[in-house]
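Working notes, beginning with the structure itself.
The values are calculated or read from the model by the stated rules, or taken from the named source; none is laboratory data. Because the structure is a prediction, the values reported are computed rather than measured. When we count neighbours, we look across all protein chains shown, and the Cβ atoms used for this are built from the backbone with ideal geometry, even at glycine. We work out accessible area using only protein heavy atoms, side chains counted, and drop any ligands, DNA or RNA first. Shrake-Rupley method; radii C 1.70, N 1.55, O 1.52, S 1.80 Å.
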Amino acid sequence: MSIEASAWIAYLAPLAGVLIILFGGMKLSHKVAGLVSCASVLISFGAAIATLLKWNSLDEPEHGVASVAWTWLTSGTFRIPFEIFIDPLSIWMLMVVTGVGFLIHVYSLGYMAGDPQFRRFMAYLNLFIFSMLTLVLAGNLAFLLVGWGLVGMASYLLIGFWHDRPTAVAAAKKAFIVNAIGDVAIMLGLFLIFMEIGQVSWIPVFELLPLAVEENSGRAFMICLLLLGGALAKSAQLPLHTWLPDAMEGPTPVSALIHAATMVTAGVYAIARLHPIFDLSMDAQKLIIVLGGLTLLMAGFIALAQTDIKRVIAYSTMSQIGYMFVAAGIGAYGAAMFHLATHAFFKALLFLGAGIVIHALGDEQDIRKMGGLKKYMPKTYKLFLVGSLALAGIFPFAGFFSKDEILAFTLAAGDVYGTWAYVIYGFGLLGALMTGLYGFRLVFLVFHGTESPLVAQYGRGEILHHGHATNEHGEAPRSMFWPVAVLGLLAVVGGALAIPGLWNVPHDFLHGAHAAPTREALEHAEFSTPAIWLFALAISLPIAVLGILGAWMIWGSGKLGSLRTRFPRMERAGQNAWGWDSMYDKVFSRPSQALATSAVAFEDTITVPALEEAEFAGRDAGANIARLQNGVVRFYALGTALAFLAVVVAFIWVEG
Amino acid sequence: MTVDVEWFVALSAVLFSIGAAGVLMRRNALVVLLSIEIMLNAGNLALVAFSRTHGVHDGQIFAIVVMAIAASEVVVGLGIVVALSHLRRELDTDELTELHG
Amino acid sequence: MNPLEFDIPGAPVEVLLFAMFSLTAIVGALRVVMASDPFHSALSLLFNFVSLGALYLMLDQPFVALAQILVYAGAVVVLFLFVIAYLGDRRELATDAIRLRWLRPIAALLALSLATLLVGVVIASNFPNAVQELPETGAGFSFGSAQAIGEVFLTDYVLAFEITSVVLLVAAIGGIILGLTGRARHERMRKLMQTRSADQQKKSYDQAAAAAHRDRELNS
């Protein structure tokens, strides 16, 4: 089997799952539908591993392998092939998406069991995996856009899965609209690139665009800005981030898969994929760094004040993706992809753990009603703790290595971008402190402290789910538990992929002509040495520990409990998510509504009456003409005879 | 031949006009059909006369085809008249105006 | 040698014959249009047809003349007479049923002007003289004979011949279907429709037929 074949299998298996469930319809039992969807993703994961092995055995893995299925669209010299592109970057994403995707599929079997719409859910989930693979395997810009749109649609369908909940439907629409803004931006970027070089496939784009567009020119900045717009929307970065917290209305496996592990990281992937384009504009790079830095800090502050367990994790996701954006902005693509993978592990772990808690407490998500769960859910507690430690970046968990690699590179970036880059490093450190704080705020409020009434109810087995007590079979059904356990294991050992001074697997793996692990300028920066890395670790580890200790003091032991209410304005701002929603409401929503209202008024007073007049005139004319059709045959015959006579007269006239 | 072809064609024109007058003026569906036959025959006469003038057979072939078509038309037309007479008493075309707009 | 061409001093006999037959043709046609009794109309049409047949003979076309007599006089007029006799006395209705009274004078005027115009055109135009030597067909048959027509029909005009026969067949079937009445028509139609044996089709047809039957009873 060639590498192309295995990649195509990995790509198309989830689609086959969708089609089987779709056409099986009601004939498939829930069990079979679940089995089909999990099996298809497992096949995809197996094929992804095969692709990885094939890649490593290739003789000359310099460039990627482009595999064209057929020409999708031709117009003059413009040609869009239906192609996939296999290179270390897409294989990396392929592994993460199918691997984490498979675990979450299995988890969904338990989480969604008993839902009457279970089949539809599994089909959507498979559709999402297929869409995400379209995005990461796309061999050209147009195809990337297709994947970009498809994941947006799958996300829309899954956020609004419980379509009888108005909030879920509203959240789905919001996510879709914000993502559509990004889609349009990417499309415009695509048009610009096509205008410049007339090609869309990766290798021609990467080789020709630097020749066609001057470095640091306005045109280069424009292209980067438009592409970046898409990345910001998809990855929920400032200022297009407002949809992500609302997206938590979807079922928890969806939050874990789409809004933590895979789809929201598509923006990071896109920057890494398109880095030869972003290399052309220094301003765009700076913009990415600044936006990422601001997002990671702001999301950290908001996460501290939120009370919905899923929203806290959602803001934490936003913050972590901010780190990845900073890394991608400074050109440390390897570090960004590394953090992307470890983040997928521990964030999916946290979401799935939260899902177990939510499931157990009868769909309660408010952390103020929780507390003392440690006693009833020791296993979940341990896994959640692992996830939080990885998130906070404590040795030897995964986040420790990946996040600190980013911080080290940020330190090195000062050499390239000037001293202001050190401010971003400061942001990163502050963010690390926040991470420890909000991560362990969650741990202490949910699992420690005094037992809340709701938790006590759970302990007595009084919370029912489809007629069964939620604690009937231990903490969670086995299908929900072991994927979490696997993710926990990955969150522990995942960091070992890159150990400073010893090895750096992501960096070495992503080495290739069009998937450079770091930008050249950064590669040669003064501080780019393992020593700097160790130095960064030495600074950020104490800060993370400080954060955890702070959380313990404030929400755990309560020694600094007074700090909780010390900053009421800060807290209120955080609960309102810093007012972005109301700001957008005032700036965009209200004016457009006012415009729409005036348009309606215009229509009612001018357009509609005018059209009605036209309609009446037409109707009257028609009624008059219809009277000619009186049904009297002789009348019709007279018309024919008259016409004949007229023709005869005309002939005589013409012939003389 | 001493009678010129003009005379035949002129006769054909007169007959055609008479038939047309019948179609336009009579209200009895049967008489309308009869008038249509007159018109068709007038056409045939002209065809045959021209065929003789030029000494070729095409006009005659046309005339024979017209006869066959006329026969078909009579069959269907009379069938409709009979079916109509089962449905309602009168055969007056002025009363059969269900298809008015 | 034309059998009708014999020598009489003064007016040639052909002119006399033409005058006679054209007169009967015109009178017959006028009677068709004007008679108040359809039976008289049909009989007058017979005059018209026979006169035309004679004129075809004068034009050296015996086969067309024969066909004219057989098809028109023999079949069409007889069919008309059958139908008129079957339907009984159906003169035109009282004048109060007439619609669009202004139509009749206009129609008369129109027909008159049409006749004048066409005759005027014919007289004014310069037709070529008829060929004197009548040609023979490729197989050596004389002009206008049944053999000659048959030869031309089955060679140059074979497609027209076939299409005409299909039209005749369709007309025959149409005549039969239109002629079926009431219950018999219903049964026959249902059998025709059952070829696909689609239950739904049958059901919807049954409903339509029942409704049509009801309408008929209401009307009669």
For residues of C:41-48, the mean tally of beta carbons on other chains within 10 Å: 4
Contact order relative to length of region A:229-323, as percent, for alpha carbon pairs under 8 angstrom and 6 or more apart: 35
Centroid-to-centroid separation of region C:42-73 and region A:158-204 [C-alpha atoms, Å]: 83
Interface burial for B against C (accessible surface, 1.4 Å probe, total of both chains, Å², rounded to 100): 7400
Rg in Å to one decimal, and Dmax rounded to a whole Å, for region B:5-87 via C-alpha atoms: 14.7, 50
Cα-projected label distance for A:A601 with C:V158, points at 7 Å along beta-carbon direction, nm: 8.2
Debye log10 I(q)/I(0) for region A:36-81, one point scatterer per Cα, at q = 0.13, 0.30, 0.31 Å⁻¹: -0.55, -1.00, -1.03
Å² per residue, accessible surface of the protein assembly as shown at 1.4 Å: 44
Point-to-point label distance, B:D4-A:D585, nm (Cα→Cβ direction, 7 Å offset): 10.0
Using alpha-carbon coordinates, inclination of helix A:398-417 to the longest axis of chain A, degrees: 70
By accessible area with a 1.4 Å probe, ligands and nucleic acids excluded, highest first: order of C:L134, A:L628: A:L628, C:L134
Global geometry of the protein assembly as shown, whether rounded, prolate or oblate, following the gyration tensor of its Cα atoms and the 1.5 cut on a/c: prolate
Placed amide H near A:I86: partners under 5 Å, 5+ positions off or other chain: A:V65, A:A66, A:S67
Given chain A, longest segment not containing exposed loop trypsin sites (Lys or Arg not before Pro) (DSSP; at most 11 other Cβ within 10 Å): A:1-459
Per-residue SASA entry for A:Y156, accessible area with 1.4 Å probe, Å² rounded to 10: 80
Among B:G19, B:G79, B:G59: highest mean-square fluctuation, GNM of chain B, C-alpha pairs under 10 Å: B:G79
Contact order relative to length of chain A, as percent, for alpha carbon pairs under 8 angstrom and 6 or more apart: 12
Tilt relative to chain A, helix A:3-24 - C-alpha long axis, 0 to 90 degrees, to 10: 70
For region C:167-181, residues shielded by at least 20 square angstrom of accessible area compared with the chain on its own, probe 1.4 Å: C:V167, C:L168, C:A171, C:G175, C:L178, C:T181
Carbon plus sulfur fraction of accessible area for the protein assembly as shown, probe 1.4 Å, in percent: 68
Among A:M112, A:N179, B:L84 - extreme Cα towards positive end, dipole of the protein assembly as shown, charges at beta-carbon: A:M112
Of the DSSP H helices in chain B, those whose Cα atoms cover at least 15 Å axially and whose Kyte score averages 1.6 or more: B:5-25, B:58-87
Charge dipole (debye, nearest 20) of the protein assembly as shown; +1 at Cβ of Lys and Arg, -1 at Cβ of Asp and Glu: 4420
Per-residue mean of C-beta atoms belonging to partner chains within 10 Å, peptide C:154-163: 2
Net charge of neighbours whose Cβ lies under 15 Å from the Cβ of C:F63, counting Lys and Arg as +1 and Asp and Glu as -1: -3
Amide proton proximity set for A:N630, modelled H, under 5 Å, gap of 5+: B:G101
Whether region A:111-241 is rounded, prolate or oblate, judged on the alpha carbon gyration tensor where a/c under 1.5 counts as rounded: prolate
Euclidean distance between Cα centres, region A:52-121 to region B:45-70, Å: 77
Nearest-0.05 FRET efficiency for A:W72 and A:S2, computed from C-beta distance (R0 22 Å): 0.55
Inter-label distance for A:E612 and C:E136, nm, one decimal - labels placed 7 Å from Cα along Cα-to-Cβ: 8.6
Given 14 as the ceiling on other Cβ atoms within 10 Å, longest exposed-site-free region of chain A for GluC sites (Glu not before Pro) in DSSP loops: A:216-461
Euclidean distance between Cα centres, region A:205-264 to region A:392-431, Å: 21
Accessible surface buried once C binds A (1.4 Å probe; total of both sides; Å²): 1100
